[in-house]
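Here's the structure we're looking at; comments come further down.
The values are calculated or read from the model by the stated rules, or taken from the named source; none is laboratory data. Everything quoted here is computed from the prediction, not taken from an experiment. Reconstructed Cβ throughout: ideal geometry from the backbone, glycine too, with neighbour counts over all protein chains shown.
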Amino acid sequence: MPWVPMLSAGSHNGQKGRGVARGHFFVSNQTVKAMPTISSATSVLSTRQDFSATSSLTSGLRVLHVVNRLDVGGTEAGILKVMSGLDDSEFTHAICTARGHNSVYAEQEASEKTIFDASRAGHKFQFLVRSFARIMKTYRPHIVHSRNWGAIEAVFAARLAGVPVAIHSEHGYELDMLDGLPMRRRLLRRAAYGLTDAVFTVSSDLRDYHARQVWISPSRIRVLANGVDSERFAPSAERKASSRASLGLPASSIVIGSVGRLVPIKGHAGLLDAAEMLLSRGVDLFVVLVGDGSELGHLRAKAAALPYLSARVHFLGASKNVAEALNAMDVFVLPSISEGMSNTLLEAMSAGLPVVATRVGGNPELIEDQVSGLLFSVGNIRELAGNLERLVASREYRESFGAAARARILTNYSLESMLSKYRDLYKELAARRGVSTLQAA
(Lines give C-alpha, C1' and ligand atoms only; values in the text may rest on other atoms or scores of the structure.)
Protein backbone atom coordinates (compact mmCIF):
# COMPACT_ATOMS: atom_id res chain seq x y z
CA MET A 1 0.00 0.00 0.00
CA PRO A 2 1.31 3.50 -0.78
CA TRP A 3 3.29 5.24 1.92
CA VAL A 4 1.46 8.11 3.64
CA PRO A 5 3.93 10.51 5.29
CA MET A 6 3.21 11.84 8.77
CA LEU A 7 4.52 15.28 9.69
CA SER A 8 2.96 17.86 11.95
CA ALA A 9 2.56 21.27 10.35
CA GLY A 10 3.03 22.78 13.79
CA SER A 11 6.72 21.88 13.80
CA HIS A 12 7.78 24.51 11.25
CA ASN A 13 9.69 27.52 12.49
CA GLY A 14 10.09 29.48 9.28
CA GLN A 15 13.89 29.36 9.11
CA LYS A 16 15.45 29.26 5.65
CA GLY A 17 17.98 26.86 4.16
CA ARG A 18 21.29 27.96 2.72
CA GLY A 19 22.17 27.57 -0.96
CA VAL A 20 25.54 27.52 -2.70
CA ALA A 21 26.55 28.04 -6.28
CA ARG A 22 25.54 26.15 -9.40
CA GLY A 23 22.37 24.57 -8.15
CA HIS A 24 23.87 22.86 -5.11
CA PHE A 25 21.42 22.90 -2.21
CA PHE A 26 22.49 22.23 1.37
CA VAL A 27 20.13 21.84 4.29
CA SER A 28 21.37 21.60 7.87
CA ASN A 29 19.62 19.97 10.81
CA GLN A 30 18.75 23.43 12.11
CA THR A 31 16.96 24.39 8.86
CA VAL A 32 15.28 21.14 7.94
CA LYS A 33 11.97 22.05 9.56
CA ALA A 34 11.10 24.55 6.85
CA MET A 35 12.87 24.74 3.54
CA PRO A 36 12.35 26.89 0.44
CA THR A 37 10.94 25.62 -2.79
CA ILE A 38 13.51 25.80 -5.59
CA SER A 39 12.61 25.38 -9.25
CA SER A 40 15.22 22.78 -10.22
CA ALA A 41 15.51 19.04 -10.55
CA THR A 42 17.18 18.94 -7.14
CA SER A 43 14.54 20.99 -5.34
CA VAL A 44 13.40 20.23 -1.84
CA LEU A 45 9.73 21.07 -1.27
CA SER A 46 8.96 23.27 1.71
CA THR A 47 7.12 21.31 4.37
CA ARG A 48 4.67 24.21 4.58
CA GLN A 49 3.13 22.99 1.33
CA ASP A 50 0.85 20.03 0.69
CA PHE A 51 3.04 16.92 0.22
CA SER A 52 1.01 15.94 -2.82
CA ALA A 53 2.62 18.84 -4.67
CA THR A 54 5.92 16.98 -4.62
CA SER A 55 4.83 14.87 -7.58
CA SER A 56 4.88 17.95 -9.80
CA LEU A 57 8.55 18.53 -8.98
CA THR A 58 9.99 15.05 -8.90
CA SER A 59 9.36 11.76 -10.60
CA GLY A 60 10.18 8.16 -9.99
CA LEU A 61 11.43 6.54 -6.82
CA ARG A 62 12.98 8.98 -4.37
CA VAL A 63 16.19 7.57 -2.92
CA LEU A 64 17.91 9.13 0.09
CA HIS A 65 21.56 8.07 0.32
CA VAL A 66 22.89 8.37 3.87
CA VAL A 67 26.60 8.49 4.64
CA ASN A 68 28.70 9.51 7.63
CA ARG A 69 30.39 12.41 5.83
CA LEU A 70 30.54 13.50 2.21
CA ASP A 71 34.25 13.78 1.52
CA VAL A 72 36.92 12.38 -0.75
CA GLY A 73 36.68 8.59 -0.65
CA GLY A 74 35.61 5.49 -2.49
CA THR A 75 32.23 5.08 -0.80
CA GLU A 76 31.32 8.69 -1.48
CA ALA A 77 32.44 8.42 -5.11
CA GLY A 78 30.29 5.32 -5.42
CA ILE A 79 27.22 7.21 -4.21
CA LEU A 80 27.77 9.90 -6.82
CA LYS A 81 28.16 7.25 -9.54
CA VAL A 82 24.81 5.75 -8.59
CA MET A 83 23.11 9.14 -8.44
CA SER A 84 24.45 10.15 -11.86
CA GLY A 85 23.95 6.76 -13.46
CA LEU A 86 20.37 6.34 -12.25
CA ASP A 87 19.40 9.95 -12.86
CA ASP A 88 16.42 9.31 -15.10
CA SER A 89 12.63 9.17 -15.05
CA GLU A 90 12.71 6.23 -12.63
CA PHE A 91 14.75 7.79 -9.82
CA THR A 92 15.33 11.05 -7.93
CA HIS A 93 18.16 11.24 -5.40
CA ALA A 94 19.39 13.21 -2.39
CA ILE A 95 22.28 12.77 0.05
CA CYS A 96 22.03 12.96 3.83
CA THR A 97 25.18 13.19 5.96
CA ALA A 98 25.56 12.33 9.61
CA ARG A 99 28.53 14.61 10.17
CA GLY A 100 28.67 17.22 7.48
CA HIS A 101 30.59 17.46 4.26
CA ASN A 102 33.75 18.79 2.69
CA SER A 103 32.45 21.97 1.06
CA VAL A 104 35.14 22.00 -1.64
CA TYR A 105 34.48 18.37 -2.57
CA ALA A 106 30.72 18.91 -2.53
CA GLU A 107 31.04 21.99 -4.73
CA GLN A 108 33.30 20.20 -7.22
CA GLU A 109 31.65 16.79 -7.34
CA ALA A 110 28.07 17.23 -6.13
CA SER A 111 27.14 20.78 -7.08
CA GLU A 112 23.82 19.72 -8.59
CA LYS A 113 22.83 17.43 -5.73
CA THR A 114 20.60 18.03 -2.73
CA ILE A 115 22.51 17.49 0.51
CA PHE A 116 20.95 17.29 3.97
CA ASP A 117 23.04 17.43 7.15
CA ALA A 118 21.65 15.76 10.26
CA SER A 119 24.42 16.92 12.60
CA ARG A 120 24.36 19.84 15.01
CA ALA A 121 27.26 22.27 15.24
CA GLY A 122 29.32 21.96 18.40
CA HIS A 123 27.99 18.53 19.36
CA LYS A 124 30.73 15.90 19.11
CA PHE A 125 28.68 12.93 20.27
CA GLN A 126 25.19 12.84 18.84
CA PHE A 127 22.27 10.46 18.55
CA LEU A 128 20.90 11.20 15.12
CA VAL A 129 17.85 8.97 14.78
CA ARG A 130 15.36 11.80 15.31
CA SER A 131 17.34 14.20 13.10
CA PHE A 132 17.42 11.63 10.32
CA ALA A 133 13.70 10.94 10.78
CA ARG A 134 12.84 14.66 10.48
CA ILE A 135 14.78 14.87 7.23
CA MET A 136 13.07 11.73 5.91
CA LYS A 137 9.63 13.07 6.76
CA THR A 138 10.52 16.20 4.84
CA TYR A 139 12.10 14.62 1.76
CA ARG A 140 9.67 11.67 1.77
CA PRO A 141 11.97 9.06 0.22
CA HIS A 142 10.60 5.75 -0.96
CA ILE A 143 14.04 4.22 -0.29
CA VAL A 144 16.64 5.03 2.35
CA HIS A 145 20.05 3.57 1.57
CA SER A 146 22.57 3.95 4.41
CA ARG A 147 26.23 3.01 4.14
CA ASN A 148 28.70 1.84 6.78
CA TRP A 149 28.72 2.24 10.54
CA GLY A 150 28.63 6.04 10.53
CA ALA A 151 25.15 6.02 8.96
CA ILE A 152 23.68 2.98 10.74
CA GLU A 153 21.18 5.09 12.71
CA ALA A 154 19.43 5.93 9.44
CA VAL A 155 17.96 2.41 9.40
CA PHE A 156 16.15 3.02 12.71
CA ALA A 157 15.10 6.48 11.53
CA ALA A 158 13.67 5.06 8.32
CA ARG A 159 11.41 2.77 10.28
CA LEU A 160 10.44 5.58 12.66
CA ALA A 161 9.58 7.82 9.71
CA GLY A 162 7.63 5.12 7.90
CA VAL A 163 9.89 4.91 4.84
CA PRO A 164 8.81 1.94 2.70
CA VAL A 165 12.28 0.53 1.92
CA ALA A 166 15.43 0.55 4.07
CA ILE A 167 18.72 -0.74 2.68
CA HIS A 168 22.09 -0.84 4.44
CA SER A 169 25.41 -1.64 2.80
CA GLU A 170 28.96 -2.14 4.05
CA HIS A 171 31.80 -0.90 1.85
CA GLY A 172 35.11 -1.42 3.61
CA TYR A 173 37.26 -1.83 6.67
CA GLU A 174 38.87 0.51 9.18
CA LEU A 175 41.83 -0.41 11.36
CA ASP A 176 39.68 -0.73 14.48
CA MET A 177 37.56 -3.40 12.77
CA LEU A 178 40.35 -5.88 12.04
CA ASP A 179 40.31 -7.59 15.45
CA GLY A 180 36.53 -7.73 15.53
CA LEU A 181 33.84 -5.22 16.39
CA PRO A 182 33.04 -4.06 19.95
CA MET A 183 29.97 -5.80 21.37
CA ARG A 184 27.92 -2.58 21.22
CA ARG A 185 28.51 -2.28 17.48
CA ARG A 186 27.76 -5.94 16.92
CA LEU A 187 24.44 -5.70 18.72
CA LEU A 188 23.40 -2.46 17.02
CA ARG A 189 24.35 -3.78 13.60
CA ARG A 190 22.40 -6.96 14.19
CA ALA A 191 19.34 -4.95 15.23
CA ALA A 192 19.69 -2.63 12.21
CA TYR A 193 20.18 -5.50 9.76
CA GLY A 194 17.00 -7.08 11.08
CA LEU A 195 15.02 -3.92 10.27
CA THR A 196 16.21 -3.58 6.68
CA ASP A 197 14.67 -4.88 3.49
CA ALA A 198 18.17 -5.80 2.30
CA VAL A 199 21.79 -5.71 3.46
CA PHE A 200 24.66 -5.99 1.03
CA THR A 201 28.44 -5.71 0.94
CA VAL A 202 30.81 -4.99 -1.94
CA SER A 203 32.80 -8.22 -1.62
CA SER A 204 32.30 -11.79 -0.43
CA ASP A 205 35.06 -11.32 2.14
CA LEU A 206 33.24 -8.36 3.66
CA ARG A 207 29.95 -10.27 3.62
CA ASP A 208 31.50 -13.17 5.54
CA TYR A 209 33.11 -10.79 8.04
CA HIS A 210 29.87 -8.99 8.90
CA ALA A 211 27.86 -12.21 8.98
CA ARG A 212 30.28 -13.53 11.63
CA GLN A 213 30.18 -10.30 13.60
CA VAL A 214 26.38 -10.20 13.88
CA TRP A 215 25.82 -13.97 14.17
CA ILE A 216 23.81 -14.49 10.97
CA SER A 217 24.17 -16.68 7.91
CA PRO A 218 26.14 -15.13 5.02
CA SER A 219 23.19 -16.05 2.80
CA ARG A 220 21.23 -13.19 4.40
CA ILE A 221 23.68 -10.63 3.03
CA ARG A 222 23.88 -9.91 -0.68
CA VAL A 223 27.05 -9.01 -2.57
CA LEU A 224 26.94 -6.12 -5.03
CA ALA A 225 30.40 -5.34 -6.37
CA ASN A 226 31.65 -1.90 -7.33
CA GLY A 227 32.01 -0.93 -10.98
CA VAL A 228 34.26 1.38 -12.96
CA ASP A 229 33.83 3.64 -15.99
CA SER A 230 35.94 1.68 -18.46
CA GLU A 231 35.83 4.43 -21.08
CA ARG A 232 37.19 7.10 -18.77
CA PHE A 233 39.75 4.71 -17.28
CA ALA A 234 41.33 3.26 -20.40
CA PRO A 235 44.94 2.88 -21.55
CA SER A 236 46.18 5.68 -23.78
CA ALA A 237 49.71 6.02 -25.13
CA GLU A 238 49.07 9.70 -25.89
CA ARG A 239 47.91 10.46 -22.34
CA LYS A 240 50.84 8.46 -20.96
CA ALA A 241 53.33 10.69 -22.76
CA SER A 242 51.61 13.95 -21.78
CA SER A 243 51.12 12.90 -18.14
CA ARG A 244 54.77 11.96 -17.78
CA ALA A 245 55.91 15.17 -19.39
CA SER A 246 53.74 17.24 -17.03
CA LEU A 247 55.23 15.42 -14.03
CA GLY A 248 58.78 15.62 -15.29
CA LEU A 249 59.11 11.85 -15.44
CA PRO A 250 61.52 10.29 -17.94
CA ALA A 251 59.78 8.36 -20.73
CA SER A 252 62.23 5.47 -20.37
CA SER A 253 61.93 4.91 -16.60
CA ILE A 254 59.47 2.58 -14.88
CA VAL A 255 56.86 4.42 -12.82
CA ILE A 256 55.25 2.63 -9.89
CA GLY A 257 52.28 4.31 -8.31
CA SER A 258 49.28 4.19 -6.06
CA VAL A 259 46.07 6.21 -5.66
CA GLY A 260 43.97 6.57 -2.53
CA ARG A 261 43.55 8.13 0.89
CA LEU A 262 46.90 8.47 2.64
CA VAL A 263 45.81 6.90 5.93
CA PRO A 264 47.41 4.14 8.03
CA ILE A 265 45.18 1.29 6.79
CA LYS A 266 46.34 1.88 3.21
CA GLY A 267 49.93 0.83 4.02
CA HIS A 268 51.77 3.23 1.70
CA ALA A 269 54.89 3.25 3.88
CA GLY A 270 55.54 -0.34 2.78
CA LEU A 271 55.51 0.74 -0.87
CA LEU A 272 58.17 3.36 -0.14
CA ASP A 273 60.33 0.75 1.62
CA ALA A 274 60.02 -1.70 -1.30
CA ALA A 275 60.93 1.03 -3.81
CA GLU A 276 63.98 1.99 -1.73
CA MET A 277 65.04 -1.66 -1.71
CA LEU A 278 64.87 -1.88 -5.51
CA LEU A 279 66.57 1.45 -6.09
CA SER A 280 69.45 0.37 -3.85
CA ARG A 281 69.96 -2.54 -6.28
CA GLY A 282 70.20 -0.18 -9.23
CA VAL A 283 66.65 -0.59 -10.56
CA ASP A 284 65.58 2.52 -12.49
CA LEU A 285 62.15 3.54 -11.20
CA PHE A 286 60.08 6.42 -9.90
CA VAL A 287 57.17 6.40 -7.43
CA VAL A 288 53.99 8.47 -7.76
CA LEU A 289 51.45 8.72 -4.94
CA VAL A 290 48.08 10.36 -5.61
CA GLY A 291 45.91 11.30 -2.65
CA ASP A 292 45.72 13.18 0.61
CA GLY A 293 45.19 12.24 4.23
CA SER A 294 46.57 12.11 7.74
CA GLU A 295 49.68 10.18 6.69
CA LEU A 296 50.84 12.63 4.01
CA GLY A 297 53.31 14.45 6.28
CA HIS A 298 54.70 11.21 7.68
CA LEU A 299 55.13 9.71 4.21
CA ARG A 300 56.85 12.84 2.89
CA ALA A 301 59.26 12.78 5.82
CA LYS A 302 59.92 9.07 5.39
CA ALA A 303 60.63 9.46 1.67
CA ALA A 304 62.94 12.41 2.29
CA ALA A 305 64.97 10.26 4.72
CA LEU A 306 65.45 7.41 2.24
CA PRO A 307 68.72 8.05 0.36
CA TYR A 308 67.80 6.42 -2.95
CA LEU A 309 64.09 7.29 -3.10
CA SER A 310 64.13 10.91 -1.90
CA ALA A 311 64.66 12.37 -5.39
CA ARG A 312 62.45 9.83 -7.15
CA VAL A 313 59.07 10.16 -5.47
CA HIS A 314 56.22 12.50 -6.41
CA PHE A 315 53.34 13.31 -4.05
CA LEU A 316 50.54 14.70 -6.20
CA GLY A 317 47.97 15.27 -3.46
CA ALA A 318 44.26 14.90 -4.08
CA SER A 319 43.56 15.06 -7.79
CA LYS A 320 40.56 15.13 -10.10
CA ASN A 321 42.79 13.79 -12.88
CA VAL A 322 43.19 10.25 -11.60
CA ALA A 323 42.78 8.75 -15.08
CA GLU A 324 45.70 10.84 -16.35
CA ALA A 325 47.84 9.96 -13.33
CA LEU A 326 47.19 6.25 -13.86
CA ASN A 327 48.25 6.56 -17.48
CA ALA A 328 51.61 7.89 -16.30
CA MET A 329 52.23 4.63 -14.42
CA ASP A 330 53.64 1.28 -15.53
CA VAL A 331 52.64 -0.66 -12.40
CA PHE A 332 49.94 0.00 -9.81
CA VAL A 333 50.40 -1.03 -6.17
CA LEU A 334 47.72 -1.38 -3.50
CA PRO A 335 49.56 -2.16 -0.23
CA SER A 336 46.50 -1.92 2.06
CA ILE A 337 46.36 -3.67 5.41
CA SER A 338 42.71 -4.41 4.62
CA GLU A 339 40.22 -3.59 1.86
CA GLY A 340 36.55 -3.91 1.00
CA MET A 341 36.58 -3.54 -2.76
CA SER A 342 39.00 -0.85 -3.86
CA ASN A 343 37.69 1.60 -6.45
CA THR A 344 41.23 2.70 -7.28
CA LEU A 345 42.23 -0.91 -7.90
CA LEU A 346 39.29 -1.23 -10.29
CA GLU A 347 40.35 1.98 -12.04
CA ALA A 348 43.97 0.84 -12.37
CA MET A 349 42.92 -2.50 -13.84
CA SER A 350 40.55 -0.74 -16.22
CA ALA A 351 43.45 1.48 -17.31
CA GLY A 352 45.31 -1.67 -18.37
CA LEU A 353 47.91 -1.59 -15.60
CA PRO A 354 49.46 -4.69 -14.08
CA VAL A 355 48.58 -4.55 -10.38
CA VAL A 356 50.34 -5.70 -7.23
CA ALA A 357 48.12 -5.86 -4.14
CA THR A 358 47.92 -7.36 -0.69
CA ARG A 359 46.14 -10.67 -0.31
CA VAL A 360 43.31 -9.22 1.80
CA GLY A 361 39.62 -8.32 1.62
CA GLY A 362 38.19 -8.10 -1.86
CA ASN A 363 41.59 -7.93 -3.59
CA PRO A 364 41.79 -11.68 -4.36
CA GLU A 365 38.26 -11.52 -5.78
CA LEU A 366 39.36 -8.85 -8.25
CA ILE A 367 42.84 -10.09 -9.12
CA GLU A 368 43.59 -13.48 -10.62
CA ASP A 369 47.00 -14.05 -9.08
CA GLN A 370 49.72 -14.61 -11.70
CA VAL A 371 47.21 -13.75 -14.48
CA SER A 372 45.91 -10.21 -14.07
CA GLY A 373 48.21 -9.22 -11.23
CA LEU A 374 50.32 -10.36 -8.32
CA LEU A 375 49.31 -10.72 -4.67
CA PHE A 376 51.52 -10.46 -1.60
CA SER A 377 51.13 -10.82 2.15
CA VAL A 378 50.46 -7.73 4.28
CA GLY A 379 53.66 -6.23 5.59
CA ASN A 380 55.97 -8.49 3.56
CA ILE A 381 58.20 -5.87 1.98
CA ARG A 382 60.54 -8.41 0.42
CA GLU A 383 57.65 -10.18 -1.31
CA LEU A 384 56.32 -6.86 -2.58
CA ALA A 385 59.77 -5.86 -3.83
CA GLY A 386 60.16 -9.24 -5.54
CA ASN A 387 56.82 -8.86 -7.33
CA LEU A 388 57.72 -5.35 -8.44
CA GLU A 389 61.16 -6.40 -9.63
CA ARG A 390 59.60 -9.14 -11.74
CA LEU A 391 57.31 -6.65 -13.47
CA VAL A 392 59.96 -3.96 -13.83
CA ALA A 393 62.27 -6.42 -15.54
CA SER A 394 59.75 -7.71 -18.09
CA ARG A 395 57.73 -5.57 -20.49
CA GLU A 396 56.05 -8.78 -21.63
CA TYR A 397 54.77 -9.50 -18.12
CA ARG A 398 53.53 -5.93 -17.72
CA GLU A 399 51.62 -6.00 -21.01
CA SER A 400 50.19 -9.48 -20.43
CA PHE A 401 49.01 -8.77 -16.88
CA GLY A 402 47.68 -5.34 -17.86
CA ALA A 403 45.64 -6.72 -20.77
CA ALA A 404 44.21 -9.47 -18.56
CA ALA A 405 43.34 -6.91 -15.86
CA ARG A 406 41.38 -4.73 -18.29
CA ALA A 407 39.60 -7.76 -19.78
CA ARG A 408 38.52 -8.80 -16.29
CA ILE A 409 37.03 -5.36 -15.65
CA LEU A 410 35.15 -5.29 -18.94
CA THR A 411 33.71 -8.74 -18.26
CA ASN A 412 32.83 -8.48 -14.57
CA TYR A 413 33.15 -4.99 -13.12
CA SER A 414 31.85 -2.43 -15.59
CA LEU A 415 29.98 0.62 -14.36
CA GLU A 416 27.00 -0.38 -16.49
CA SER A 417 26.81 -3.75 -14.74
CA MET A 418 26.95 -2.13 -11.29
CA LEU A 419 24.25 0.40 -12.14
CA SER A 420 22.01 -2.32 -13.54
CA LYS A 421 22.29 -4.23 -10.25
CA TYR A 422 21.46 -1.13 -8.19
CA ARG A 423 18.50 -0.37 -10.43
CA ASP A 424 17.20 -3.94 -10.09
CA LEU A 425 17.67 -3.92 -6.31
CA TYR A 426 15.86 -0.63 -5.76
CA LYS A 427 12.95 -1.57 -8.03
CA GLU A 428 12.67 -5.10 -6.62
CA LEU A 429 12.44 -3.91 -3.01
CA ALA A 430 10.10 -1.03 -3.84
CA ALA A 431 7.76 -3.38 -5.70
CA ARG A 432 7.84 -5.79 -2.77
CA ARG A 433 6.61 -2.93 -0.57
CA GLY A 434 3.90 -2.03 -3.07
CA VAL A 435 5.64 1.03 -4.48
CA SER A 436 6.02 1.08 -8.26
CA THR A 437 7.80 3.68 -10.36
CA LEU A 438 4.45 4.88 -11.63
CA GLN A 439 2.96 5.17 -8.13
CA ALA A 440 6.11 6.89 -6.87
CA ALA A 441 5.76 9.69 -9.39
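A few notes on this one:
- Condition check for ILE152: in contact (Cβ under 8 Å) with a residue 24 or more places away in the chain and either closer than 22 Å to ARG261 by Cβ or outside the structural domain of LEU86 (by TED's automatic domain parsing) (or both): yes
One line per residue, one yes/no per condition, for (1) out of contact with any Asp or Glu (no Cβ under 9 Å at 6 or more places or on another chain); (2) surrounded by fewer than 20 Cβ atoms within 10 Å (Cβ to Cβ); (3) not hydroxyl-bearing (Ser, Thr, Tyr):
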| site | (1), (2), (3) |
| --- | --- |
| SER394 | yes, yes, no |
| PHE401 | yes, no, yes |
| ALA404 | no, yes, yes |
| ASN412 | yes, yes, yes |
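- Where a residue in the range 316-327 is closer than 12 Å to ARG239 by Cβ and touching a residue at least 24 places away in the same chain (Cβ under 8 Å) and its partner, wherever it lies, is among the hydrophobic types (A, V, I, L, M, F, W, C) and surrounded by fewer than 18 Cβ atoms within 10 Å (Cβ to Cβ), with Cβ under 7 Å and at least six apart: ALA325/LEU316
- Scan of the range 352-383 for residues that are in contact (Cβ under 8 Å) with a residue 24 or more places away in the chain and in a loop (DSSP other than H, G, I, E, B), ordered by number: GLY352, LEU353, PRO354, VAL360, GLY361, GLY362, ILE367, GLU368, VAL371, SER372, VAL378, GLY379
- Being in a helix (DSSP H, G or I) and outside the structural domain of ASP71 (by TED's automatic domain parsing) holds for only one residue in ALA251, ALA303, ALA211, and it is ALA303.
- The one condition in (1) part of a helix (DSSP H, G or I); (2) closer than 19 Å to ILE381 by Cα that MET349 fails to fulfil: (2)
- Residue satisfying all of: in the range 184-238; aliphatic (A, V, I, L, M) and over 25 Å from VAL360 (Cβ atoms); surrounded by the most Cβ atoms within 10 Å (Cβ to Cβ) among these: ALA192
- Test: residue in the range 174-195 that is touching a residue at least 12 places away in the same chain (Cβ under 8 Å) and in contact with an Asp or Glu (Cβ under 7 Å, 6 or more places away or on another chain): no
- Unmet requirement for VAL371, which otherwise passes all of (1) surrounded by fewer than 24 Cβ atoms within 10 Å (Cβ to Cβ); (2) modelled with pLDDT under 95: (2)
- Taken together, SER338, SER342, SER280, SER319 contain a single residue that is modelled with pLDDT of 95 or more and hydroxyl-bearing (Ser, Thr, Tyr), which is SER280.
- Going through (1) touching a residue at least 40 places away in the same chain (Cβ under 8 Å); (2) in the same structural domain as ALA166 (by TED's automatic domain parsing) one by one, GLU389 falls short only on (2).
- Within the range 274-292, being assigned to a helix (DSSP H, G or I) and either buried (at least 18 other Cβ atoms within 10 Å of the Cβ) or touching a Cys at 6+ places or on another chain (Cβ under 6 Å) (or both) holds for ALA274, ALA275, GLU276, MET277, LEU278, LEU279.
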